[in-house]
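Below is one structure, written out as structure tokens; the observations come after it.
Taken together, the values in this text are just the output of simple stated rules run on the coordinates, not laboratory data. If you're wondering where the values come from, they're calculated on a predicted model, not measured in any experiment. No Cβ is skipped: glycine too gets one built from the backbone with ideal geometry, and neighbour counts run over all protein chains shown.
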Amino acid sequence: MLHIAFTSPAPILKFHLECQSDSITDHDLQIQSRKLNRLTSLKNLSLNLNLSRCDEISDQGLEHLSKALKGFTELHTVSLNLSDWFDLSDKSLNDIGQALKRFNLLRNLSLNFSGCWDITDEGLKHISKGLKRLTSLTKIILHFCQNRLLTNKGFTDLSKSLEKLNSLQIINIRFSACPKIDDEGLKIFSQAIQRLTLLNKISFSFCGSRQITDEGIKHIFEALNKLPSLTSIDLNFSQCHYITGKSFENIKENQDQLALLHTLKLNLHGCSDIHKGMKRMCEGLKKLTSLKNINLNFSEDWDGILEEKQMKCLSQALRRLTALRSINLDFSKRNIDDECVMILSKALKNLYLFHTINLNFSYSYRVTGQSLKHIAKSLDNLASLRNVRLDLVNCRQIKKKGIDTFRERLKGLVSLKTIDIDYHVEYTLR
């Protein structure tokens, strides 16, 4: 499919190429590449090339595309999605890297190689060499998830190229399920990003990387503390089983400079003994008084635990964050009880500005209808509240009558638009 259109107010011409069938061949891509060749004289062009799962295309086909891309010198945006090309080789990344070197004026770049299993450190090195020259970049998205061949060596090459991109404001890096990247790789990566002082939004995902420990998290937070312009942080370390509560010590020690931060998303699903570090984390959260949006995932894969003393720490921190507009808290399979929910609810009633709340208590067998009463009592005087979502899947002590009463109590809120409650009980046959 080929789509060309102008946008306003800026006249950015968009070229969109998407593979809608896994039967596309090298010859098909060669034809589309010729179409690209006709556009090389255009300025301020945005290219969006989605070739995900095109299994019939080989290195030869991608070589045609790369040669066409080399003809452009004044691109504004490039988005290249080659995810789930199982046979994509380092040779193709070399061709792409050579093309990148010519995009001196590029402002936005997105490269997705997730699920490309045959890419090695050598391929990542080719991409890194191309990135070094893109000094006009303000936004970069790089995805290399699900690769067992990438190691610290390739990750180091990438990190050293990123540190030269001094104009970057937004960075999104995903190396989830890359098991050979460890704390040493994160250390070098952290040293690189701390030099990008214009960064205001970051998103890093290393979920499922089982060589990453508390030491790696320490390096990340040390780097974040040196980025005074940060407004948004999104960190995903889900399923990093060697990350424990000790990581939160680093949050506490490195928050003073994040005065502009308004969005924090921290995914620690399945990490070990996180509840033991709740106090340290909450002491850090208290300092983030400019926060408007908070998303914390403490969920477990199996029954964990969250006690009253940890919930008190979290509630005390939330009370201090009076600028909050949106709250998303996931306690799935943490086995909390009504007392914990009551403690949390008391903190919520003081947040008069917030408009959206999302609470996940799924698989919390000790939560009863009493918890719904606590939550409703805390919310029924919040005039700005617009959206409420509760996940109560497999909370077996909650009954339909309690849910109906909860909905009825919140009807009087003048700004309320939605109440979304996910409630059902799953039964397992034995």
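Restricting the GluC sites (Glu not before Pro) of segment 34-96 to loop positions (DSSP other than H, G, I, E, B) with no more than 12 neighbouring Cβ atoms within 10 Å leaves nothing. Using only Cα atoms, locate the centre of segment 298-353 and the centre of segment 106-170, then give the distance between them in Å, rounded to an integer. So the separation of the two Cα centres works out to 37 Å. Please list 3J(HN,Hα) in residue order for segment 360-367, calculated via the Karplus relation 6.51 cos²θ - 1.76 cosθ + 1.60 where θ = phi - 60°; whole Hz, with x for glycine and proline. Listing the rounded values in order: 10, 10, 4, 6, 9, 5, 8, 7 Hz.
Considering only Cα-Cα distances, which of the following residue pairs are longer than 32 Å: K14/K201; K43/K125; K226/K377? Numbers along the way, then the final one.
Numbers: K14/K201 25 Å; K43/K125 29 Å; K226/K377 41 Å.
Pairs exceeding 32 Å: K226/K377.
In the chain, which longest range has no chymotrypsin sites (Phe, Trp or Tyr not before Pro) that are both DSSP loop (not H, G, I, E or B) and surrounded by at most 10 other Cβ atoms within 10 Å?
Values: sites that count: F86, W302, Y427.
Value returned for the longest uninterrupted segment is 87-301.
Return the loop-located trypsin sites (Lys or Arg not before Pro) in segment 346-416 (DSSP other than H, G, I, E, B) with at most 11 other Cβ atoms within 10 Å of their own Cβ; answer none if there are none.
Numbers: sites: K346, K349, R366, K373, K377, R386, R389, R396, K399, K400, K401, R407, R409, K411; in loops: K349, R386, R396, K399, K411.
Listed in order of number, the matching sites are K411.
Using a/c under 1.5 as the rounded threshold, could you call segment 302-430 rounded, prolate or oblate? The axes a ≥ b ≥ c are square roots of the C-alpha gyration tensor eigenvalues, and prolate needs a/b larger than b/c, oblate otherwise. Show your work: numbers first, answer last.
On the way: a/c = 2.03, a/b = 1.28, b/c = 1.59.
Cα axes put segment 302-430 in the oblate bin.
For the set K246/K279; K139/K218; K265/K346, the pairs lying more than 18 angstrom apart at their alpha carbons are K139/K218; K265/K346. For the chain, evaluate the Debye formula with one uniform point scatterer on each Cα (no solvent term) and list log10 I(q)/I(0) at q = 0.07, 0.13 Å⁻¹, rounded to two decimals. Ignoring solvent entirely, the Cα scatterers give -0.41, -1.13. DSSP assigns beta bridges within the chain; of those with both partners inside it, close to 5 percent run antiparallel.
Rounded if a/c is under 1.5, else prolate if a/b is larger than b/c, else oblate: which is segment 1-174, with a ≥ b ≥ c the root eigenvalues of its Cα gyration tensor?
Values: a/c = 1.74, a/b = 1.08, b/c = 1.61.
Since a/c reaches 1.5 but b/c is at least a/b, the shape of segment 1-174 is classed as oblate.
Can you list the trypsin sites (Lys or Arg not before Pro) in segment 37-66 that are in a DSSP coil and have 11 or fewer other beta carbons within 10 angstrom? Of the trypsin sites (Lys or Arg not before Pro), the ones in loops of segment 37-66 whose Cβ has at most 11 other Cβ atoms within 10 Å are R38. Site pair Y352 and R366 shows an inter-label distance of 3.5 nm when each label is modelled 7 Å from Cα along Cα→Cβ. Put a dot 7 Å past the Cα of L260, heading toward its Cβ, do the same for K14, and the two dots end up 2.8 nm apart.
Would you please give the FRET efficiency between I141 and V393, computed as 1/(1 + (r/R0)^6) with r the Cβ-Cβ distance and R0 = 35 Å, to the nearest 0.05? Display every interim value, and only then the final one.
Values: r = 32 Å, r/R0 = 0.93.
It comes out at approximately 0.60.
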